[in-house]
Amino acid sequence: MAGDPTVVLVHGAFADASGFAGVIQRLRGQGVEVRAPWNPLRGLSFDGDALVRYSTTVDGPIVLVGHSYGGAVISQAAPSVKDVKALVFLSAFAPDVGESCASVQTPYPPPLLASTLVPSPYDAPGTPGGPDFFIKIADFHETFCADLPDDVAATMAVSQRPLSAAAFTENATEAGWKTIPSWYLVSERDNAIPPDAERFMAERMKATTESVDGSHAAFIAFPDVAADLILKSVAAV
């Protein structure tokens with residue numbers, strides 16, 4: 001129906017939109033229109049602008065959903081996206097203005113990801129400078145998706161999309177969660193973002209919050225949990 005929102009799913013670092021397959025199937029099964037665009041992973045303002053431009057192709061109201069770094073992107077983009085009704089954060093960053101994905105988690109013990117990242121030996125293409133970050137292939141499963149089967153994790157490890165170091169440290173200039181109703185899924189066994197940092201961000205934005213006993217990729221391992229939270233946001237708007 002013309003007035004129903006379209007859900008736009010934004011993936012984070014070290015992954016691509018194919019991880020949303022289970023969530024997409026669940027949402028489409030409930031009659032919800034879904035899009036899952038490519039996130040450049042080059043810089044927060046650059047990626048936010050890419051999402052704003054993509055959103056102009058969507059008619060009607062929008063619910064933005066972000067996983068991991070994708071949460072920072074939807075929050076950065078949301079004030080410039082026409083007719084955004086809700087934001088949903090899946091194990092995601094939600095920095096305030098003047099914070100970066102790196103700085104917002106500094107009060108908490110470093111996650112496993114801090115010791116399993118490896119920089120590229122070259123400057124990241126399409127960024128102001130500095131390397132790309134990858135997760136060491138041998139450590140990808142435990143770090144990113146410990147609750148997925150070995151064969152799935154192995155494929156993800158060798159096909160991961162890098163995040164530029166510049167994106168990880170760039171400060172947000174917008175914080176859409178301050179004015180837009182928000183939902184948050186905390187992953188209790190997240191090895192990429194400290195769960196306590198996730199809870200802090202969820203509480204700060206006064207989000208409707210749920211928890212899942214899963215990894216950073218819990219939205220893949222438990223797509224029904226993630227989809228049900230998204231459906232609640234859709235129903236609320």
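Figures for the structure shown
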read-out	value
Added length on full extension, which subtracts the Cα-Cα distance from 0.36 nm per residue, residue 199 to residue 178	6.0 nm
Pair residue 97, residue 4: separation of 7 Å Cα→Cβ label points (nm)	3.7 nm
Distance between modelled label sites at residue 237 and residue 155, nm, 7 Å Cα→Cβ extension	3.1 nm
Share of carbon and sulfur in the accessible heavy-atom surface of the chain [1.4 Å probe, %]	55 percent
Environment charge of residue 3, counting only residues whose C-beta is closer than 14 Å and scoring Lys/Arg +1, Asp/Glu -1	-3
Tilt relative to the chain, helix 44-55 - C-alpha long axis, 0 to 90 degrees, to 10	30 degrees
DSSP-loop chymotrypsin sites (Phe, Trp or Tyr not before Pro) across the range 15-110, with at most 11 other Cβ within 10 angstrom	none
Anisotropy class of the range 86-237 from Cα gyration tensor, a/c 1.5 cut	oblate
Solvent-accessible area per residue, Å², over the range 120-207 with all protein chains present [probe radius 1.4 Å]	46 Å²
Computed FRET value (nearest 0.05) for residue 106 with residue 210, which takes r as the C-beta separation and R₀ as 25 Å	0.45
Angle between the chain longest axis and helix 223-236 axis [Cα atoms, degrees, rounded to 10]	40 degrees
Potential lengthening between residue 52 and residue 25 on full extension [0.36 nm per residue; Cα-Cα distance subtracted]	7.3 nm
Environment charge at residue 171 (Cβ cut-off 13 Å; Lys +1, Arg +1, Asp -1, Glu -1)	-4
Förster radius 35 Å - calculated FRET efficiency between residue 169 and residue 83, Cβ distance, rounded to 0.05	0.65
Total formal charge among the other residues, if their Cβ is under 13 angstrom from that of residue 49, Lys/Arg +1 and Asp/Glu -1	-1
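The values are calculated or read from the model by the stated rules, or taken from the named source; none is laboratory data. Note that the structure is a prediction, hence the values are computed from the model and not measured. All Cβ positions, even for glycine, are placed from backbone atoms using ideal geometry, and neighbour counts span all protein chains on display. Side chains included, ligands, DNA and RNA excluded: accessible areas come from the protein's heavy atoms. Shrake-Rupley method; radii C 1.70, N 1.55, O 1.52, S 1.80 Å.
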